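Structure first, then comments.
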Amino acid sequence: MKKFVQIAFLLIGGALGLVFLPPLYELLHLSSNPWLDNPYVSVALGALLLFTLSFAFSDYFVRLISWMEEVLFKVPIGDLLFGTLGLIIGLIVAYFLGFAIDSIDLPIITKVIPIILSFVLGYLGFRVGFKKREELIQLFTLRGNNTKKKLTEGGEPQEARGNYKLLDTSVIIDGRIADISETGFIEGTLVVPQFVLTELQHIADSSDTLKRTRGRRGLDILKKLQDERSTKVEITEEDFEDVQEVDLKLVRLAKKRGNDTQIVTNDFNLNKVCELHHVKVLNINDLANAVKPVVIPGEDMQVMVIKDGKEHNQGVAYLDDGTMIVVEGGRSYIGQAITVTVTSVLQTSAGRMIFAKPKDD
């Protein structure tokens, strides 16, 4: 990049030398000199002068270009596109207003006002296009939505709308999302923001062995989703520099993408934050509780009593899905597979708990 900047200085210096050096020679009464009054010499002198200055200023220009690249790469392509369109429209309006100003006889106004209008209207056009992207998209797609609505009202099936599922760090590390996705119960595009990937990478690089294992498991789950999932898995660069917490970034991203966007998580606190912000959320734990096998009081089942319960003479067993069964009088059966009769079922915020007693009793 530094060499590119120096070459640019060389070419610009040659052009400036060709334009500005001949009038300077006349001003200094040097135009009679045949060596100086030569376009090739003017180009060479201008190029040499700016090329020499480039050694002093090229580092600053390289930093400026690198900073601009970094800023532009972080901006979503949609925001950049609509901002550029707004800038072009603002400059066109400023150009046409310049015709009306040319009719004024005051030289200062006719020279200065068009420049000010170009800056002001160009900036306003860029900001309007940048900030109103969603509204402009809705305006352009209004006709398509009306056509789709008519098809639905006429009895024909409506096309499935594209929807997005934002994955948070906890649900990726949990891993069950890969199995659920493989069954086809989750529709739409799975979206993994770059800031979630960054957090996963930090966890995977942690000095703590447990955290490092969890982070690497999350990265493996993402790779599995990309390889095995039939629908699209999107990695988005959208970020919010003014927010540090990943959960709040997810909420803001879901709001920005619209009503068809849902956050997939198994974090209880994030679930509550989404409800407060009126953001749709899919909790993997709620799904797991919903698909646990239904048991009815009086039903018999075969279980393995594995440990003591909290109360006197209780035993504890577990179903394959992790549901805890408290066996009254089951302490004497620890380590044995027995048949128990369900006495009651208790649903708590942590899941479902089953109370039973040995069938022999």
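The values are calculated or read from the model by the stated rules, or taken from the named source; none is laboratory data. Note that the coordinates shown come from a computational prediction; the quantities given were computed from them, not determined experimentally. Every residue, glycine among them, receives a Cβ derived from its backbone with ideal geometry; neighbour counts consider all protein chains shown. Just so you know, the surface numbers come from the protein's heavy atoms only, side chains and all, with ligands and any DNA or RNA stripped out. Shrake-Rupley method; radii C 1.70, N 1.55, O 1.52, S 1.80 Å.
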Taking a probe of 1.4 Å and leaving out DNA, RNA and ligands, region 203-337 shows per residue an accessible area in Å² of 62 Å²
Given charges of +1 on the Cβ of Lys and Arg and -1 on the Cβ of Asp and Glu, with all other atoms neutral, how large is the dipole of region 206-317 about its Cα centre, in debye to the nearest 20?
220 debye
Residue separation between E241 and D79 times 0.36 nm, minus their alpha-carbon distance, gives in nm 56.8 nm
Once R0 is set to 56 Å, what does the formula 1/(1 + (r/R0)^6) return for the Cβ-Cβ distance between K223 and Y25, expressed as a FRET efficiency to the nearest 0.05?
0.25
I235's amide H: which non-local residues (gap 5+, or another chain) put their own amide H closer than 5 Å, with H modeled 1.01 Å from N in plane and none for Pro or chain starts?
V192
Selected from F61, F130, F73 as most flexible by GNM, with the chain as the system and alpha-carbon contacts under 10 Å:
F61
Angle check, please: helix 2-27 long axis (alpha carbons) against the longest principal axis of the chain (alpha carbons), in degrees 0 to 90, nearest 10.
20 degrees
Nearest 10, in degrees from 0 to 90: the angle of helix 107-131 to the longest Cα principal axis of the chain is 10 degrees
Which entries in the list K211/K310; K310/K357; K165/K272 go over 24 Å, if you measure between the two C-alpha atoms of each?
K211/K310
From the protein chains alone at 1.4 Å, what is the descending order of accessible area for V120, V316, largest first?
V120, V316
Quick check for me: using +1 on Lys/Arg Cβ and -1 on Asp/Glu Cβ, what's the dipole size of the chain about its Cα centre, in debye to the nearest 20?
240 debye
With the convex hull built on the Cα atoms of the chain, state its orientation-averaged projected area in nm².
33.4 nm²
Would you please name the trypsin sites (Lys or Arg not before Pro) within region 260-356 that are DSSP coil residues with at most 12 other C-beta atoms within 10 Å of their C-beta?
K310
To the nearest 10 Å², what's K74's accessible area with a 1.4 Å probe?
100 Å²
Quick note, region 176-218: a/c under 1.5 would make it rounded; otherwise a/b > b/c is prolate and the rest oblate (a ≥ b ≥ c, C-alpha gyration tensor); here it is oblate
List the GluC sites (Glu not before Pro) within region 254-314 that DSSP assigns to loop and that have no more than 11 neighbouring Cβ atoms inside 10 Å.
E311
By its C-alpha gyration tensor, with a ≥ b ≥ c as the square roots of the eigenvalues, how is region 51-104 shaped: rounded for a/c under 1.5, else prolate for a/b larger than b/c, else oblate?
oblate
With angles folded into 0 to 90 degrees, how steeply does helix 77-102 sit against the dominant principal axis of the chain? Use alpha carbons for both and round to 10.
30 degrees
Taking amide H positions as placed in the peptide plane 1.01 Å from N, state which residues far from T343 in sequence (5 or more) or on other chains have amide H under 5 Å from it.
G298, F355, A356, K357
Provide, for q = 0.10, 0.19 Å⁻¹, the log10 of I(q)/I(0) from a solvent-free Debye sum over equal Cα point scatterers in region 244-361.
-0.46, -0.89
Calculate, in nm to one decimal, what L16 and Y95 gain on full extension: separation in residues at 0.36 nm each, minus their alpha carbon distance.
25.8 nm
About the Cα centre of region 1-90, what is the dipole size in debye to 20, counting +1 per Lys and Arg Cβ and -1 per Asp and Glu Cβ, all else neutral?
200 debye
What percentage of the solvent-accessible surface of the chain, computed with a 1.4 Å probe over protein heavy atoms, is contributed by carbon and sulfur atoms?
62 percent
Net charge, T198 excluded, C-beta distance under 12 Å - Lys, Arg +1, Asp, Glu -1:
-3
Testing the spin-label approximation: label points 7 Å from Cα along Cα→Cβ at E299 and H278. State their distance in nm.
4.0 nm
Compute the FRET efficiency between T198 and V120 as 1/(1 + (r/R0)^6), taking r as their Cβ-Cβ distance and R0 = 56 Å, and round to the nearest 0.05.
0.90
